[in-house]
Amino acid sequence: MTLQQLKYVIGIAEYGSLNKAADKLYISQPSLTSTIHDLEDELGIKIFNRNSRGVTLTQEGQDFLSSAKELYLNYETVMEPYLKGKNSKKKFGISTQHYSFALKSFVEMVKRFNTEEYAFAIRETRTKEVIEDITLLKSQIGIIYLSDFNRSVIQKLLKSNGLEFHPLIECKAYVYLWKGHPLASNKSISFEELTGYPCLSFEQDDNDSVYFAEEILSTKEYHRTIKTNDRASMLNLMVGLNGYTLCSGIISEELNGSTYTAIPFRETSENINRVMEIGYITKKDFILNEVGQIYIEEMKKYLANCTS
């Protein structure tokens, strides 16, 4: 097996077509097909299913692609200091739950690099998709949280996909709402006081969604709920409907605006305020390149300023 073969597998999976991949990889289609056949014979597996509409990964192929991407990215990390000045752009991406600090840290990280040399990507998405993105190395770093409620389920999923969790900060839940909300002047807010207002939450998959919810007190019975899939819509619903959401309290006014506030959730004997352990996930033993290390540095710096 060669690095060239790994590059070809990654390219075919990305373009979904042998012809398109051959064109992008500057190789003839017959030579590309022959190379993949040789690799499949060497490994004793079938990587791609081929049909008239293109190619798709087999289950064995999906498992192999994840390892191939990891190996190839590690190779690029090792070679990066020696390839400066080359034309090819280096890729770096993160996938995250909807945290403004993750976006703010991404902005500060990008400022430290030449965007002509790098292809950057940030994906705010569902919890399961964050995990899938890191498993398949669509992104190098993922941002999620653990609590005493979801920990066993999430950690089992991480372990089965060869991922590891790196803690960044612990915090308790805050009620996030706009400053014109009737409860905005409260020093703290209880679950009972929120009864008359719609709870806003980020949409997850239906199956096991309670374990993948971004809102830490997701097991409670809310009288009114509205789901959305992006942060801008949630902020608009806070103003238009006096909605609220439960969050970490770590908010970037620069990105979300100054018309919103985070108020501590008041714990009662019936409604315990669970601890959120926010952190990042990577492939196990994955070697982060300079960009990844600086992104983590920016997150730690931002979070340290929030708690100081």
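The values are calculated or read from the model by the stated rules, or taken from the named source; none is laboratory data. Remember, it's a predicted structure, so these values are computed and weren't measured experimentally. Note that each Cβ is placed from the backbone with ideal geometry, even for glycine, and that neighbours are counted across all protein chains shown. SASA here: full protein model, heavy atoms, side chains in, ligands and nucleic acids out. Shrake-Rupley method; radii C 1.70, N 1.55, O 1.52, S 1.80 Å.
Okay, here's what the table says:
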quantity	calculated
Candidate set: the range 280-308, residues that are part of a loop (DSSP other than H, G, I, E, B) and among the polar types (S, T, N, Q); chosen: the one least open to solvent (accessible area, probe 1.4 Å)	289
Residue among 116, 170, 124, 193 that alone is within 17 Å of the chain's Cα centre (by Cα) and among the charged types (D, E, K, R)	124
Residue count, the range 156-185 (criterion: part of a loop (DSSP other than H, G, I, E, B) and either at pLDDT below 90 or surrounded by 15 or more Cβ atoms within 10 Å (Cβ to Cβ) (or both))	6
Pair list, Cβ under 6 Å, 6 or more apart: the range 47-70 residue within 9 Å of residue 136 (Cα to Cα), other residue open to solvent by 60 Å² or more (accessible area, probe 1.4 Å) and assigned to a loop (DSSP other than H, G, I, E, B)	66/136
Test: residue in the range 146-155 that is in a strand (DSSP E or B) and within 17 Å of the chain's Cα centre (by Cα)	yes
One residue from 158, 137, 163, 183 being touching a helix residue (DSSP H, G or I) at 6+ places or on another chain (Cβ under 9 Å), of a type outside the set (Phe, Trp, Tyr) and closer than 22 Å to residue 224 by Cα	183
Criterion violated by residue 213 - all others in (1) open to solvent by less than 60 Å² (accessible area, probe 1.4 Å); (2) modelled with pLDDT of 90 or more; (3) under 30 Å from residue 63 (Cβ atoms) satisfied	(2)
Breaking point among (1) over 26 Å from residue 302 (Cβ atoms); (2) in contact with a helix residue (DSSP H, G or I) (Cβ under 6 Å, 6 or more places away or on another chain), for residue 150	(1)
Complete set of residues in the range 246-279 that are touching a helix residue (DSSP H, G or I) at 6+ places or on another chain (Cβ under 7 Å) and open to solvent by 30 Å² or more (accessible area, probe 1.4 Å)	251, 254, 255
Selection count, the range 123-153, where residues are without any contact (Cβ under 8 Å) to a residue 60 or more places away in the chain and open to solvent by less than 10 Å² (accessible area, probe 1.4 Å)	1
